[in-house]
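The values are calculated or read from the model by the stated rules, or taken from the named source; none is laboratory data. As the structure is a prediction and not an experimental result, all values here were calculated from the model. Here the Cβ is made from the backbone with ideal geometry for all residues, glycine too, and neighbour counts use every protein chain on show. Calculation scope for accessible area: heavy atoms of the full protein, side chains included, ligands and nucleic acids excluded. Shrake-Rupley method; radii C 1.70, N 1.55, O 1.52, S 1.80 Å.
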Amino acid sequence: MLQDGEKGVIIQRDQKTYAVAPHIPCGVVSPATLRKIADVAEKFNVPAIKLTSAERIALVGIREEDVDGIWEDLGGMKPGAAVGLCIRSVKTCPGTTFCKRGIQDSLSLGMKLDELYHGLQLPGKFKIGVSGCPNQCAETCIKDLGFIGLHNGWRVMVGGNGGAIPRLSKELIKDIDTETALIVAAKVINWFKANGRPHQRLGMILEKTDIETFRRNVIG
């Protein structure tokens, strides 16, 4: 039996079937990719197609003997980092690209963060959200690292998560441009990689370290 993450699979409730979730950066997908996924689902009689909270499209209920064929027919699509101690996802809203309420270009920032960090191994699970305005449609307030678009630039939030012990993120810095936001992201991620303990979320650290001390340690 395959284990979670092996060949890009996620074991399902019945402990017999699997799901695969091809990586779709920031949830932006082309018609050709949608057709490819639909064709694969029909060919292998996939029981369900699920739109996930991480802005992916999961094929659910797959038999083990079909896993290799599905990935082959998906034609080079890489697995999304849906399990493991890593940067799981970068979730974004439409931002100024499409949304009338967008203040900052969340899609461009999100795509760059995805390119740099998706799947990066870390001590604990880590999620990133990028929202183009304070409405936070990318659920920035419950992400380990979040960006919120303001009129004067980005507001950076850290330490949020859902789960059994939910935490709201805390403000690290605000009113910075996109280039600086990427620098801050690198500092936060590198600090957590060097200082986090196995299976620890960033929010756990911030429960024991005040945000001012964390700010000095991470960005000076």
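Looking across region 154-163, just one residue is on the phi > 0 side of the Ramachandran plot and open to solvent by 10 Å² or more (accessible area, probe 1.4 Å), and that is G163.
Kindly provide the set of residues from region 47-66 that are under 19 Å from the mean Cα position of the chain (by Cα) and either touching a residue at least 60 places away in the same chain (Cβ under 8 Å) or not in a strand (DSSP E or B) (or both), ordered by number. Spell out how you get there, then give the answer.
At the first step, the residues of region 47-66 found to be under 19 Å from the mean Cα position of the chain (by Cα) are 50-59.
Hits for region 47-66 are T52, S53, A54, E55, R56.
K187 falls short on exactly one of the conditions (1) touching a strand residue (DSSP E or B) at 6+ places or on another chain (Cβ under 9 Å); (2) more than 15 Å from C86 (Cα to Cα); (3) not acidic (D, E), and that condition is (1).
For region 141-166, which positions are of a type outside the set (A, V, I, L, M) and more than 16 Å from the chain's Cα centre (by Cα)?
So in region 141-166, the residues of a type outside the set (A, V, I, L, M) come out as 141, 143-144, 146-147, 149, 151-155, 159-163, 166.
If the condition is that a residue be of a type outside the set (A, V, I, L, M) and more than 16 Å from the chain's Cα centre (by Cα), then G149, H151, N152, G153, W154, R155, P166 are the ones that fit.
Residues satisfying the criterion are present in region 35-44 (criterion: in a loop (DSSP other than H, G, I, E, B) and either open to solvent by less than 50 Å² (accessible area, probe 1.4 Å) or modelled with pLDDT of 95 or more (or both)).
Do you know which residues across region 183-208 are open to solvent by less than 40 Å² (accessible area, probe 1.4 Å) and either assigned to a helix (DSSP H, G or I) or of a type in the set (S, T, N, Q) (or both)? Full working, then the answer.
Just the residues of region 183-208 that are open to solvent by less than 40 Å² (accessible area, probe 1.4 Å), to begin with: 184-186, 188-189, 192, 196, 200-203, 205-206.
V184, A185, A186, V188, I189, F192, Q200, L202, G203, I205, L206, listed by residue number.
Within region 132-149, the set of residues being under 15 Å from I173 (Cα atoms) and open to solvent by less than 10 Å² (accessible area, probe 1.4 Å) comprises T140, D144, L145, G146, F147, I148, G149.
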